[in-house]
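Notes to accompany the following structure.
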Amino acid sequence: MPEPKKPGAKGAKVEAPPADKPAEDDEGRDELPEDEHVPGEEPQMSQISGLLVEKPQSVTAIKGKNVTFVAKVDSYQLLRKPNMKWLKGKWMDLGSKAGKHLQFKETYDRNTKIYTYEMTIVKVVDGDAGGYRCEVTSKDKCDSCTFDISVEDAGEDAGELDFSGLLKKRERKQKEEPEINVDVWEILKNAKPCDYEKIAFEYGITDLRGMLKRLKKMKKVEPKKSDAFLKKLDPAYSVEKGKKIQLSVELADPNAQVKWLRNGQEIKPSAKYIFESVGGIRKLTINKCTLADDAAYECVVGEEKSFTEVFVQEPPVTITKMLDDVHVVVGEKVEFEVEVSDEGYYWTHCHSFSSFFSIIEKELEVLQSIADLTLKAAEQAVFKCEVSDEKVTGKWFKDGVEVIPSDRIKMTHIGRYSSPLTASLIDSCISRNTSSLTSPILLYARTLKPIKPPKIHLDTTGSFVNKNTIIVVAGNKLRFDVDITGDPPPTVCWKKGDTVRASEGRVRVETRKNLSCFVIEGAERADEGLYHITVTNPAGEDKADVMVKIVDVPDPPENVKCTGVGEDSASIQWDPPTFDGGVPVKGYLMERKKKGSSRWTKLNFDIYESTTYEAKKMIEGVLYEMRVFAVNGIGMSQPSASSKPFMPIAPTSEPTRLTVEDVTDGTCALKWLPPERIGAGGIDGYIIEYCVEGGEARGGLSTEWVQANETPVEKNSYRVRGLPVGEKMLFRVTAVNIAGRSPPAVMAQAVTIREIVERPKIRLPRELRTKYIKRVGEKVNLVIPFQGKPRPVVTWLKDGAPLDTKLVNIRTSDVDTILFIRQAAREHSGQYTLSVQIENMEDKVNLEIQIVDKPGPPIAVTVTDVWGFNAALEWKPPKDNGNCEITGYTIQKADLKTKEWFTVLEHNRRPSCTVSDLVMGNEYTFRVFSENICGMSDDAGISKNTAAIAKTGTYTLPYKEKDMCSSPKFITPLMDRSVIAGYSAAISCAVRGYPKPKIIWMKNKMIIGEDPKYLMQNNQGVLTLNIRKPSLFDGGKYTCKAINDLGEDEVECKLVVRGTYGQKSPSSPVCNNV
């Protein structure tokens, strides 16, 4: 019997050190070769995991040749593919150097589960010499190996001397020093981290990374205190086979729920596994431990776990009954019998006990002689005799004459194993043959035991549920003993169908004296069926049938799906399991979880019998998954496959404010607002339905609701087409989402399908109610909506004449008209009139378009006066103002010597200016640019004469007082304005004159007095009239008059006040619909 594994040796691999390398002592004082790890390499995972089954070896390569290194990794216990790194020196990763010189190859053997990694160096050079290392890692396991490459010349002339190669080949002469036993690890533990590298160099430690790992593990780390466990499981437990074991933990929270796992699978309570809970102590008892219970166990509380391993040991086999002394006769079979403590087949070497048997010879003797018979004629005569040796054959004589077998006389000699010998003579006697067979008998015989026919004795109590039927739970062991009688001992044969059961294997037959045992180890469903027992011996045979029924937990339910959802509920349906385990299914248990989560929540603790279930208390808009367990008298099935994700959502409420937007002959346009309650499911669209109002169907029309759109519409409006003209129709709209249709929103009154005449109306956009200004070359795109039924006739005019469609593009639809100019020109400026007309009803609107461009240069630029360092300039406005008002002028000067232009004034509003700070002795010329809203003119007006600043001596000019008196003159006129009623407005102008003129404001030639609605201001000649919240009647012509003793001047403008849409200003001659 193999000894059970010990906890400390589980999964460990121990490799013997090479014969040519001395073994390390316990303290790791011996210096290691370069291809070995640092002494005491326990912190490195290589000695713990043993992933590398074949390691690359150090080689001496010939320069210019190829060399290949092979490493093999055993992945039998790995969950993922290992990661291999080839390194040179300490840190250089060779994976990034792959190419023509370095080549890597990886293969995998599925049978042995071994990864093979190869590194090939093509045409080795001197620079390839040095130390290398391969590292293999897989999650929390790792292993590494170091090896060296030495490079030698091929023996030929290498040409130029490779000085670097010679340096690498030099061997350092080491001084022979007496060996001193020093514990390097104690020195490192007490040293500072900054001294680690120095100590490693001093004591020849080349693997600095491995040294740091070992030091880190050697430091004592206090175990992290668990929040859930007061006492965890021991690291390992050991139990003998057939005994029970108890695992115990103590929890901090007595009410916490625990899970017990075996090899990662959850354990369910049963007769074998018993859960106990006493306060904060949780116990797991495993009864009748078998080798299958040798596994890793976990106790899970929330997110924390406690691990342990259970090792099941097989007890040693002992001899409970020694050999007995045996006394036998020559030629007989000798049997020795012992009893052992465990069932099974064993080879026993009898060296610890002995027995004695003797052999004697015994004389042949007759055990039963021939008896005299007196028979009637034609009766059958049978003569028998028995001797002590079955090997002796006898002869029959009649009156001294040997009897020869014939058809009338038959002789038989029966003997089996050690059974007694029987010889018989059968003679059918006749009347004329009256002689008898008499002694002396020449046969020796011995007494025979009586022959008994075989008999099967079935015990129908215990596991039998009815006659000849036995029930076994799947996975359990069945041992069925059948008592058998008969002499000689009968032969037993067990069959299932035509298959004869052997004496070995999982399903086997064990035969003992007067007993036949039928054994099934770990019953499976395939073992179920009718078994036939047949026993035979020379006296006959007997048969019996035994029905073995295997019962198990049922299969998982199938086709778990969601059939409907509500706001916080869902209806789940599934199919019963295909196999009920041989026991009727009692009911089902349900669990659910959120998609993406791993936490399942039980929905019922009592068995639910139906195959449909309504899950409640769910969150709307969250994806859930469901699974179902089937339960029968044996236990609970595995969980079913998770259902497809579903979301508890409810249909929306009905749409709101369903109204008719438009009705024509055969169509009806509807519009509505979204539902008040939408929910997490959102809205996928709307379904529109219609039907004839009440009454019987007529004209082929049905009074049932008809769906108008095949697919849901996303907009909140829809035009239903194909309606009968003159009929009264009802409409309803339903919102649709993933949960289904909402309640419908129904039209309160029926709609008559007939064209409705609607007065034409133009809805002029706000930006077009004033002058519309664009620059030359820009695009003009005016969209003007209108309404009216039936479709009105649209007409465009320009300055009272029909519009030339070659210059302007017009596009008109049912609800709007578009005026489009791709590139605007000055000839496009003017007043446009839009007219929409239905029969004798008409609506018009005027809009003014102004296309502007840069102005021309000023004209007649003249230097009018020069004094001191100053020069006075005057000019006239340009002939071409760019179709808009001139906003100012820019003046520049240039010295005739340098002829460089400098700007002296910008945005000068008057057609005159004074240039100061001129340089004495220089002569200047001037130029002027005009400005408007498009910018400065391209050309400038240049002065006709120059201004020369004379170089003269200092002298005093006689003072001459200049007469500053002048009549009033408006230098900035009033501009026409269009304002909105209710919003304050202002009009302004600028005047000059001396003495200061008197200002008079008039409206429609009537002087504006001290009306609080008007505020008049005069700031340095800038006159402003503020009108507070003008009304429609404040529109008209406004005049500003300036008067002094020398004269008077006046300017006027036109003010248009626009009211609310549809009201007409009594003073607006420009627009008919503003």
- Task: Can you send over the solvent-accessible area of T770, 1.4 Å probe, protein chains only, in Å² to the nearest 10?
- Result: 60 Å²
- Query: So, in Å, what gap is there between the alpha-carbon centers of the range 779-798 and the range 860-875?
  - Reply: 56 Å
- Candidates per trypsin sites (Lys or Arg not before Pro) in the range 891-950, loop by DSSP, up to 15 other Cβ within 10 Å: K897, K899, R909, K944
- Item | Estimated dipole of the range 652-801 in Debye, rounded to 20 [Cβ of Lys and Arg +1, of Asp and Glu -1, Cα centre] | 1080 debye
- Gyration tensor (Cα) of the range 205-302, equivalent ellipsoid semi-axes in angstrom: 33, 20, 11
- Query: Given charges of +1 on the Cβ of Lys and Arg and -1 on the Cβ of Asp and Glu, with all other atoms neutral, how large is the dipole of the range 482-627 about its Cα centre, in debye to the nearest 20?
  - Reply: 540 debye
- Gyration tensor (Cα only) of the range 611-760 to equivalent ellipsoid, semi-axes in Å sorted down, yields 45, 17, 11
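I want the local charge near I1007. Using Cβ-Cβ distances under 13 Å, sum +1 for each Lys or Arg and -1 for each Asp or Glu among the other residues.
Within the 13 Å Cβ shell, the charges total +1.
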- Message: Using the Karplus curve 6.51 cos²θ - 1.76 cosθ + 1.60 with θ = phi - 60°, what ³J(HN,Hα) values do you get for each residue of the range 978-986, in whole Hz, with x for Gly and Pro?
- Response: 10, 10, 9, 4, x, 10, 4, 9, 8
- Given H placed 1.01 Å from N in the peptide plane, which residues other than close sequence neighbours of K586 have an amide H under 5 Å from its amide H? V631, N632, G633
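So for each of 533-545, 93-105 I average, over its residues, the number of other beta carbons within 10 Å; can you give me the resulting order with the highest mean first? Please report the intermediate quantities before stating the final value.
Working: 533-545: 16.2, 93-105: 12.1.
Those peptides, ordered most packed to least, come out 533-545, 93-105.
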- Message: Rounded to the nearest angstrom and ordered from largest down, what semi-axes does the equivalent ellipsoid of the range 898-999 get from its C-alpha gyration tensor (root of 5λ)?
- Response: 37, 24, 10
- The value for the range 521-677 (convex hull of the alpha-carbon atoms, volume per residue, Å³) is 187 Å³
- With the dipole of the range 750-798 worked out from charges on the C-beta (+1 for Lys and Arg, -1 for Asp and Glu) around the Cα centre, which of I756, T795, G777 lies farthest toward the positive end? G777
- Accessible-area order for M84, M411, largest to smallest, probe 1.4 angstrom, reads M411, M84
- Query: Going out from 0 in 5 Å bins, what whole percent of all Cα-Cα distances in the range 874-938 drops into each bin?
  - Reply: 4, 16, 28, 21, 15, 10, 5, 2, 0
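Work out the length of the dipole vector of the range 846-1002 about its Cα centre, built from +1 on the beta-carbon of each Lys and Arg and -1 on the beta-carbon of each Asp and Glu, and round it to the nearest 20 debye.
For the range 846-1002, the charge dipole is close to 540 debye.
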- Task: Would you mind telling me the share, in percent, of accessible area of the range 884-1037 contributed by carbon and sulfur at probe 1.4 angstrom?
- Result: 53 percent
- Message: Could you check the spin-label model distance between C493 and R721? Points 7 Å from the Cα along Cα→Cβ, value in nm.
- Response: 8.8 nm
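How high is the relative contact order of the range 930-1065, in percent, counting Cα pairs under 8 Å that sit 6 or more residues apart?
Numbers: 241 pairs, mean separation 37.4, N = 136.
Contact order relative to length: 27 percent.
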- Task: Between beta-carbons, use under 12 Å as the cut-off and find the net charge around K268, counting Lys and Arg +1, Asp and Glu -1.
- Result: +2
- Note on the structure: At q = 0.17, 0.25 1/Å the base-10 log of I(q)/I(0) from the Debye formula over the alpha-carbon atoms of the range 50-105 is -0.73, -1.27
- Using a 1.4 Å probe, how large is the accessible area of H907, given in Å² and rounded to the nearest 10? 120 Å²
- Rounded D (µm²/s) - the range 251-338, Kirkwood Rh over Cα pairs, Stokes-Einstein at 25 °C, 0.890 mPa s: 143 µm²/s
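If you count, for each residue, the other Cβ atoms within 10 Å and average over each peptide, how do 69-76, 614-621 line up from highest to lowest? Don't jump to the answer; show the numbers that get you there.
Numbers: 69-76: 18.0, 614-621: 14.5.
Ranking, from highest mean packing down: 69-76, 614-621.
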- Message: Given axes a ≥ b ≥ c from the Cα gyration tensor, I'd like to know whether the range 791-833 is rounded (a/c under 1.5), prolate (a/b larger than b/c) or oblate.
- Response: oblate
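The values are calculated or read from the model by the stated rules, or taken from the named source; none is laboratory data. As the structure is a prediction and not an experimental result, all values here were calculated from the model. Counting neighbours? That spans all protein chains shown, and the Cβs are built from the backbone with ideal geometry, glycine included. Note: accessible area is taken over every heavy atom of the protein model, side chains too, but ligands, DNA and RNA are not part of it. Shrake-Rupley method; radii C 1.70, N 1.55, O 1.52, S 1.80 Å.
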